[in-house]
1. Taking the Cα atoms of region B:73-225 alone, what are Rg (to one decimal) and Dmax (as a whole number) in Å?
2. In what sequence, highest mean first, do D:71-83, C:144-156 appear when ranked by Cβ atoms within 10 angstrom?
3. How high is the relative contact order of chain C, given as a whole-number percent (alpha carbon pairs under 8 Å, six or more residues apart)?
4. Say a paramagnetic label sat at a point 7 Å from the Cα of residue B:43, along Cα to Cβ; which residues of region B:1-32 have their backbone N under 19 Å from it?
5. Net charge near residue D:156: determine it from the other residues with C-beta under 11 Å of the C-beta of residue D:156, scoring Lys and Arg +1 and Asp and Glu -1.
6. Just how many % of Cα pairs in region C:5-474 lie over 30 Å apart, if you round to the nearest whole percent?
7. For the peptides C:366-378, B:123-135, what is the packing order when you average, over each peptide's residues, the other Cβ atoms within 10 Å and list the highest mean first?
8. Taking each residue in C:136-147, count the Cβ atoms of any other chain within 10 Å of its Cβ, then average. What number comes out?
Amino acid sequence: MVLDEKDNRNVWEKIGDYFSANSIWMKWYCTGCGAIELPPTMTSRYDMERLGMGPMATPRQADVLLITGYLSTKTLRRVIYSYEQMNSPRFIVAFGSCTINGGIYYDSYATIGRLDKYLPVDLYIAGCMPRPEVVMNGFNELIKMIKKGQAKGWKHYQENYEWYKKNQLDSLGEVIIKDEFHE
Amino acid sequence: MNVMSFVYGFLVLLGVFVFQTTLTGLNRKVTARLQKRYGARWYQQFLDIFKALRKDSTSHGWVFDFGVIMALGGIMATVIFIPVAGFEAFPGLDNIFVISYLLAVGMLGMAMSAAGSGNPWASIGVARALTNMLAYDVPLMIVIFTLIFAFDSSSLSEIAALQQGMGILGWNAFRMPLGGIVAVIALLGMLGKKPFDSFIAPTEIASGPMVEYGGKHLGFMFILHEFMTFIEVSIILSLFFGGGATIWEYMLKYAVLYTFMNIISGVMPRFKIDQAVKYFYRVPLAMAIVQGLVVIFTGLGVTLWF
Amino acid sequence: MINPVFMIAIPLILAFLSLVAARIKKWLLLSGVLINIAILFFLEKGETVIGGFKPPFGINLILDNYSMVGLALAGLLLLAGVVLSLDKADKYSTVLLTALAGINGMLLTGDLFNLFIFMEITIISAYILSTAGKKPEYSFNYLVIGSIGSVFYLAGLVVFYSLTGTLNMADLAAQNLSMGTPELLVPLFLIFTAFAIEAKLIPFGGWVKGVYGNSNRLTGALFASVYASTVLFVFGRVFNEVFALSGAVQTIIVLIGVVTFAFGEAAAFRQVKMRRILLYSSIGQSGLAAALFALGLIFPAVLLVISNAVSKFIMFSITGKLREIYKTDDYTDLKGVFFSNKLTGIAFSISAMSLIGLPLFFGFYAKLNALTALFNGGNWFIPAVILLFAIVEGAYFIRLLIALWAPGKEGEIADKSHAVGEIRIFNIKKSILVFILSLVILAAGLIPDLAGKLISSDSGFMGGDGPAFTMSQLKGGE
Amino acid sequence: MNLTIILAVTVVLAVVSFFITRLNKKAGGFLTVIASLFAFVGLFLLKGSIGGEFSIFYFSFKITMVGWYFALIMVLAYSMTSFFNPFWMDKMMYPGSYNFMYLLSMAGTIGMFFAKDFITLFIFWETVVWSSTFIIQLGKSRKASYVYYVVSAIGSMATLFAIMMAYSVSGTFVISEAFAGLSGGAAIAVFFTFILSGLAKIGIFPFHVWLPAAHGNAPHTFSPVLSGGLVKMGAFIAFLSVTAFPAYEIFSGMFKVMGTPFPIYFLMALGAISIIVGTLMAIKQEDAKKLLAYSSVANGGYILIGILMLDQVGFAGGMMHLVNHAVASAAAFLAIAAVAYRTGTTKMSEMGGMIHRMPVTYIVYLVAIISMAGIPPMGGFVSKWLIFQGLADKGMLFLAAAAFFGSIGSFMYVFRPLSAVFLGQTFTRDLKKKEVGFFMMLPMLILTALSILAGVFPNTILRVITEIQASVGISPVTLAENTIVTVNGYLDAFRVFIVFGFGFTIAFVIFIVRRKSKKVELMDTYTSAEFIHTRELLHYSSKFYAPFERLYDKAPDTMKLYKKIAVKIGELGNLTESLFYGHKPEKTVFWVMITGIFVVIIGGVV
């Protein structure tokens, strides 16, 4: 992401970003194996609530879409759908190496390699698995970025919507709907 | 009814919001401590609400917006009627029936808006919430009915005043112990605390009525929740724990009662909705009826025990 | 002024003529019933002695208010029946004329033995008419049971004659017999049995199911209206004027009447064939009328008989015709049949509602009078039974009406596409005739006081009470 | 204004409309509108001649305050509903007779409320019964009409019995004097039989079976009248049975429950049972009209309890609930009828999201159910509040428990059509549907306005009720300017409304200053990121309260009781047939002999 842009927010936006930074509600998209690292992050050992973070039930309520691990092309559609249901400002945190380059599935025909091509990722937490410490560290980074107004993935997505859409369509191909349960 | 009443009313709203939101934040910490966590900052609840208000939002049509406004409007009107330590912005309107039914306006608005989102989970959540309401309200209303019969008044402030000045044993919770227990259990249900929180089960039905809310709608829901909590705890506080002679006493008692509710809830599992109904219609209902019969036929509890 | 004897003589003469001149018998029949009506209003009131011997030795005819009403009712309904079903009546011209003579005789006579003769004439004509159903075994059944009744009646008369030496009604009444004694009980029971059989009272009326159940539009209408009302009229006279009932006998007869009413209505409730419904309803109604007669409540009973006769006439006529057209009288197969026969349907509905006793119709006035009279007599049990089974009666009639009017699947709105056929039940003239007849019920229901006055001139019958209830009494009268 | 003119004109117009409908269906429908509006205006003007007496034919009428009050409610329901008539004529099998019966039954109700004597009352009552029976059969079920008639007949026959019995004692049918001189067992018998028709009409348990059948299946244009109007006839009988039949005085020596004589308390308990039964059954209905019908059962319970209390507060509540329920339930039924006019169904599982197509109808329904559930600021709240106060005053714990149950349960059932019919996903079939025309909208809007007015200025109605209370000799409910005062507290509905408006304004301002929300399509909802393409599948409407319904799905059906009785009567009929009416003469001969022997034995004994 572009990190070195000038800070041209007004006061209200700065205050808003302060609130956003200190109250991060996440929608966990846990199709990959990374989900196992989240319960310890949440519970008494690491207690993410200290930072005002917490899981939420639906993308409408959430600020952060947390994608834990590999995405098959089939689930990618769902992730995009979820992301588009979220309200701005919204952020994406990609979790684990699979989201960076495909990880151990780098040569699979069924998974995507780089999430960045399809959705604007604000922050990667690398590792296979990233341990809770790393996760917490990563979120600290995200909080800082939001405070500074540098987590602008959602704006980027709006601006380069055609590019993202093209990549998404290329990857997904045509979907033929047969009935409610078969596509 | 003059302009000052409205100013007072507005101030009450503001004060209640600050007080209750702070208390909620503190209670998040209490819950965290129960779970051996450090917990959120005491002002976290404010951050959450303001952040939600700050965000963009999605709307599913006019009823989705209208319901939210109606809900918050109704609830705020109810808050204005709640007597706090004898103070009322609109004197004389603290009738228990008015309050409990005006509260229903807010609930109806919320239910309407939720169902208006078009999400079936919201409808399921509302269905559960209404069922839950039917479960806890009947025992509670019977106890309240008993109080009205006993004290010949349906005014919250009057009933609260009647309990003051006799020490702790003058509270209705001690004069009518069964009724007091029912009230506390019903309060858990009213607050939607565990074990009676199946209507907002986050993973089962995606937080039920809240499923489609985001941004300012969600912020409204949070504010509404704070107000609603205040109303519910205040009703029970005034009716069974003597209200408060001064504002400080009131706030202290309130904080204790609310925290107590939270602590109970913190160690509870969750009832399925039909289990909740069965439970309320078995134990608390029987207790409420026994209490009612005792008061009506023996007069025991109308005056002090000793 | 015309001698009442002509009421009997003219039909008899015409009946003989119709045997001779078979070609014009239809016209003879028509003129017979018409003349019957015409001379009715010019008859000489009071007692007419026949044959020169003074009663109690000779035979006399009595034309009072009571027999006048009976004559008018029977005559008019017979006329209507003949006009409505002239094609069917043609074949039975002789029989019907004889029956008319018999019926007039029954209503007029002042002598119990003479009554027997006229009754035999009438019943035999009924036997013959019942063969129109083409089920000989039912006619035979009727014949057997009817004959038993005749024999019983005769036997009863014999005993009475041997005890009192007279069979003249007025004379017997003057003897003021005490009905409590066992030796009188048996002959009384014998006579009662004869009437009970004809009046279809439970448990005597076993023949009804076959005969009424297989009637056509002529015979059904006549049986249920003309014959039934005549028998009840005579029943009323015999058990009020001749034998004043009291004590246990009265209780038993009333009980039989009430039980007949209740059981008849219950039996009608479970029927799906329209003729069966009507026949059991007839049984019920005549049970009620008999009970009222036995209690001495003549005016309400007469009202009830009249209202029942007119209604049953209309309903049996329509049912018979329906059966002719659709070969069935099961109302579940006749759904929506009134859609294309609105006039007929309205007539049928008015008759049925009058029978139930719904207000605005004549039956209501009859029912109200009966109830008032019963309550005035300090009786609350019979009204309770009447009202209880009025619910049952209403239930099956309304069910019938609904089925005949509104076809349609359950769960869909009533729709004409589900209606049975579009055949006209009656042609336009006959429909209007039936409709006018039903309007009489409606009109009499709307102005019941006038109707009541017309019937009894306010004085009641045979020294009994007049109307127990009048509408004018509502207006601050009493 | 002269009552006889009103009656005569409505009856004449009824006949005229019958013939006009044969010429032009729509014109006949409009004639019912004119006739019923005429009757409404006429009745309104009749207030000037309260206390006067009129007579026509043999009927005599006395204009009383209570009669006027009832008649006005009734004709309001009739006249508002009549606006729908012209649009449904094509769907009727017998449009002419529908219009005729519609106006005839209206005339019947008017006459009934003003009757001076019981026979007049009964004649008009039964006229209403049979004419409405013939209307109901035109709807979706023939059986419904049958059930309606039978239950009504049970009631009216019992009442006729009571009238006659009272007459045999007092010798008069005049309402105010007919019950004089009754005492002891006769008084109890008369009381219970007399009120039976009232119970049957209000739909009190166990006579409530006709309501779901008839309301649910009657033509859509008649259900509002049934629920908003005809049910209230029963309340009139209940009213008479505590005032004309001074039950409290006659039974004053009897065993008392909470200060109420046992027979009256028993009836109140029946009212309480109907509240519970009505509520529970309404919750599990799948058809919107049946649901509303059961809600009428529950509300009938409130009305009965209120009226039977005959005191300062509860009675006023019961009387006021009459008008509130009439207005609300007529509006709700009309709203459902409007939806049915567009979609052709009233099944909740076959509709959804109609709010986006018919917003005005939605508002009408919303206000109606708020009033029905007794939520401020609508009229229903005030009347329920009064009833609660009355119950609390007397300490009737169990009745109050039922009342609370019904009140909270009503949130559940009124919300169901709201959610299933109006909210949620719009079905593909209905995407192009339009709002109903202005002529149909008008009565709904009037009723909505009335609901709100009754809630904001309840004293307008309560002033009439105080006059009624004064006329029957009980102390009237205390009214200040805008305030209703009771022993247990007072209510200022207007101020409640203002404060509610204040709260609403604040919320609205907060909402409006925040950034405008992005409008999304209804199908764009959270589905766990699953793609759903069928609107109908994304709509939760059938078995709405399934977990709760499960708790009482084995509850016995009252209809079974009636069916059992019907079977028993049929069996009696069977027995009669087989015992006495065979095709064999031997049978009759046998019975003749048996009876003969029996008679002889009896004769011998006696």
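Only the coordinates and a few stated rules stand behind these numbers; no lab work does. Please read these numbers as outputs of a predicted model, since none were measured by experiment. All Cβ positions, even for glycine, are placed from backbone atoms using ideal geometry, and neighbour counts span all protein chains on display.
1. Answer for region B:73-225, Rg first and Dmax second: 17.3, 53 Å.
2. Details: D:71-83: 26.8, C:144-156: 19.4.
Per-residue mean Cβ counts within 10 Å order the peptides as D:71-83, C:144-156.
3. On the way: 793 pairs, mean separation 62.8, N = 478.
RCO, chain C: 13 percent.
4. Of the residues in region B:1-32, B:14-30 have backbone N under 19 Å from the label point off residue B:43.
5. Working: positive: D:201; negative: D:126.
Neighbour charge sum, excluding residue D:156 itself: 0.
6. On the way: 46114 of 110215 pairs.
Everything past 30 Å amounts to 42 percent.
7. Numbers: C:366-378: 22.9, B:123-135: 26.0.
The most tightly packed comes first, giving B:123-135, C:366-378.
8. On the way: counts 0, 3, 1, 0, 1, 7, 1, 1, 5, 6, 1, 1.
Per-residue shielding by partner chains comes out at 2.
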